[in-house]
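Shown next, in structure tokens, is the structure this report addresses.
The values are calculated or read from the model by the stated rules, or taken from the named source; none is laboratory data. Fair warning: this is a prediction, and the values are worked out from it, not measured in the lab. Here the Cβ positions follow ideal geometry from the backbone for every residue, glycine too, while neighbour counts run over all protein chains shown.
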């Protein structure tokens, strides 16, 4: 690939490593390996892990069940990132373990916002008007 043809999305390796890290994180959270008061009794979902091009940083997007205390949980996970990295490393079988950075996953909120927009009266009215116009 030449310098002019820069890749815009993640490559296969980035996706594969991201999935490995995601599964490792989910297993760590399910077992409750991270000892932090903010994480006690928290059920954490890891919908996505995005790797940087050099595979050195894993951006993990998390959402606690119900979305409650998400900011506090992300802060707790970032405080324990070195410990978590040490637990992830043996599970992903790579020469170097990526640094893990945690972020709140906003996709659930965005999906709810779009759903609310689609269900709004204005959109319903537009759809009804469009259906009336198609019949003629």
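A count restricted to region 46-60 and to residues that are under 16 Å from the mean Cα position of the chain (by Cα), surrounded by fewer than 19 Cβ atoms within 10 Å (Cβ to Cβ) and either free of Cβ contacts under 8 Å to residues at least 60 places away in the same chain or not assigned by TED's automatic domain parsing to the domain that holds residue 22 (or both) stands at 5. If you go through region 34-49 and pick out every residue that is touching a helix residue (DSSP H, G or I) at 6+ places or on another chain (Cβ under 6 Å) and either part of a strand (DSSP E or B) or within 17 Å of residue 86 (Cβ to Cβ) (or both), you end up with 5.
Would you confirm, using the coordinates I've provided, whether residue 98 is assigned by TED's automatic domain parsing to the domain that holds residue 51 and without any contact (Cβ under 8 Å) to a residue 24 or more places away in the chain? So residue 98 does not fit the description; no.
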